[in-house]
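Here's a structure for you.
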Amino acid sequence: MAERPEDLNLPNAVVTRIIKEALPEGVNISKEARSAISRAASVFVLYATSCANNFAMKGKRKTLSAGDVLTAMEEMEFQRFLPPLREALEAYKKGQKGKKEASELKRKDKEKKSDVEDNERSREEENEEEEEERMEEEQKEGDNDEDEEDMAN
């Protein structure tokens, strides 16, 4: 848990960006208004989290789920936010699924590439060994030829 109440506030940069995106072009907001909105947003998040936690505890769970948050929003009488929240949740799930699939493809490609490189290395090593054997045989043949010449002389 936070040591100071200020630790529970949302980051000012995030709140400022959200405010700017929500307001029409050219509309400014005072520092006090930004601070008030930031505190209100923090209180809302804490309240929603507390309500969602109550639903998790009723379910004898320690982890909050998206369903707990949606149920908490209903309980808090914020039903009008449920459709956009569900859409955002679906978009998040699709994004996570896409990331997971991309990661899996990347891992498989890496494995294939590693297998191909291993096969190439094996072929190169075999070729090198064959070349060494051939050179040794040629060397032996050359030595035998010299021995035969020495015997003939």
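Ranked from the most accessible area to the least, with a 1.4 Å probe and all protein chains present, what is the order of GLU25, GLU90? If you can, show how the numbers build up before the last one.
Working: GLU25 180, GLU90 95 Å².
So, going from the largest accessible area down, we get GLU25, GLU90.
Counting pairs of Cα atoms in region 38-138, how many percent are more than 21 Å apart?
Values: 3172 of 5050 pairs.
Taking all Cα-Cα pairs of region 38-138, the fraction more than 21 Å apart is 63 percent.
Mind checking the per residue accessible area of the chain for me, 1.4 Å probe, whole number of Å²? Let's see the in-between values first.
Working: 13340 Å² over 153 residues.
Averaged over the residues of the chain, the accessible area is 87 Å².
If you don't mind, there's one more thing I want to ask. Report the accessible area of ASP118, computed with a 1.4 Å probe over the heavy atoms of all protein chains in place, in Å² rounded to the nearest 10.
Accessible area, nearest 10 Å²: 70 Å².
Sticking with this one: By how many degrees, 0 to 90 and rounded to 10, does the Cα axis of helix 31-58 deviate from the longest principal axis of the chain?
It is inclined by approximately 80 degrees.
The values are calculated or read from the model by the stated rules, or taken from the named source; none is laboratory data. This one's a predicted model, so the numbers in the text were calculated from it and none came from an experiment. Please note that ligands, DNA and RNA were not included when accessible areas were found on the heavy atoms of the full protein model with its side chains. Shrake-Rupley method; radii C 1.70, N 1.55, O 1.52, S 1.80 Å.
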